[in-house]
1. Would you kindly state how much longer the chain becomes between Val63 and Ala20 on full extension, computed as 0.36 nm times their sequence separation minus their alpha carbon distance, in nm to one decimal?
2. Ignoring ligands, DNA and RNA, how do Val71, Val148 rank by accessible area with a 1.4 Å probe, largest first?
3. If the chain between Ala102 and Met135 were fully stretched, how many nm would it gain, using 0.36 nm times the residue separation less the Cα-Cα distance?
4. If the only charges are +1 at each Lys and Arg Cβ and -1 at each Asp and Glu Cβ, what is the size of the charge dipole of the chain around the Cα centre, to the nearest 20 debye?
5. Report the relative contact order of the chain, percent, no decimals, based on alpha-carbon pairs under 8 angstrom and at least 6 residues apart.
6. In whole percent, and with a 1.4 Å probe on the protein chains, what portion of the accessible area of the chain is carbon and sulfur?
7. Using the heavy atoms of the protein chains alone and a 1.4 angstrom probe, what is the accessible area of the chain per residue in square angstrom?
8. With r defined as the distance between the Cβ atoms of Arg85 and Val170 and R0 fixed at 45 Å, what FRET efficiency is calculated, to the nearest 0.05?
Amino acid sequence: WRAVTALTLHADFTHALGNAIAGAIFLTAVCRALGPGLGCALVLLSGVAGNLVNAFVHAAFHVSVGASTAVFGALGILGGLGVVRRHRLGLRGRRAWLPVAAGLGLLAFLGTAGERVDLWAHLFGFIAGGVLGAMAGLVVARRPGTRVQWLWGLSALALIVYSWMLALQVGR
């Protein structure tokens, strides 16, 4: 539950605003490619996976909050989708990997600026997103229909609500 709830907590207003702006840009792109439900679910899962790996690497006393892990997960999803789709078009070599290179460039530009930046969380979110994006590109030939989108979207929302319910139970 901590890996989920951490995505919804922010250090201050500027932190939340930056994540909201970047998240709106990249989440919109993911949802345009995969649909709103599946897109939101995969972005959430990439953020959760990034937080879990980051916690494992840093051990007990590391604090990481904010949606930026999921934001960079969205960027990774776009890169993974792009590689698979370019490969299907017959592009090979550097041309096929251009979406990942562009994503890494944005990660370097946006994910390293500021003090108290958790570069590892950003990187792990990006990698998790890349894997999920590539998997989605291989499995999902076209955007799923409305019912499937609702199922994915409600599942993502349920995971967040359930995680907060667990967090509030522990806090008692």
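The values are calculated or read from the model by the stated rules, or taken from the named source; none is laboratory data. Everything quoted here is computed from the prediction, not taken from an experiment. Neighbour counts are summed over all protein chains in view; Cβ atoms, including those assigned to glycine, are modelled from backbone coordinates with ideal geometry. Only protein heavy atoms, including side chains, enter the accessible area calculation; ligands, DNA and RNA are left aside. Shrake-Rupley method; radii C 1.70, N 1.55, O 1.52, S 1.80 Å.
1. Working: separation 43, 0.36 × 43 = 15.48 nm, distance 2.02 nm.
Between Val63 and Ala20, full extension yields 13.5 nm more.
2. On the way: Val71 10, Val148 60 Å².
Listed by decreasing accessible area, they come as Val148, Val71.
3. Details: separation 33, 0.36 × 33 = 11.88 nm, distance 1.91 nm.
Roughly 10.0 nm would be gained on extension.
4. Numbers: 13 positive and 3 negative charges, 171 e Å.
With Lys and Arg at +1 and Asp and Glu at -1, about 820 debye.
5. Details: 270 pairs, mean separation 57.7, N = 172.
In percent, rounded to a whole number, it is 34.
6. Values: 7130 of 10110 Å².
Result for the chain: 71 percent of the exposed heavy-atom area is carbon or sulfur.
7. On the way: 10110 Å² over 172 residues.
Spelled out: the 1.4 Å probe surface of the chain, per residue, equals 59 Å².
8. Details: r = 42 Å, r/R0 = 0.94.
Between Arg85 and Val170 the formula returns 0.60.
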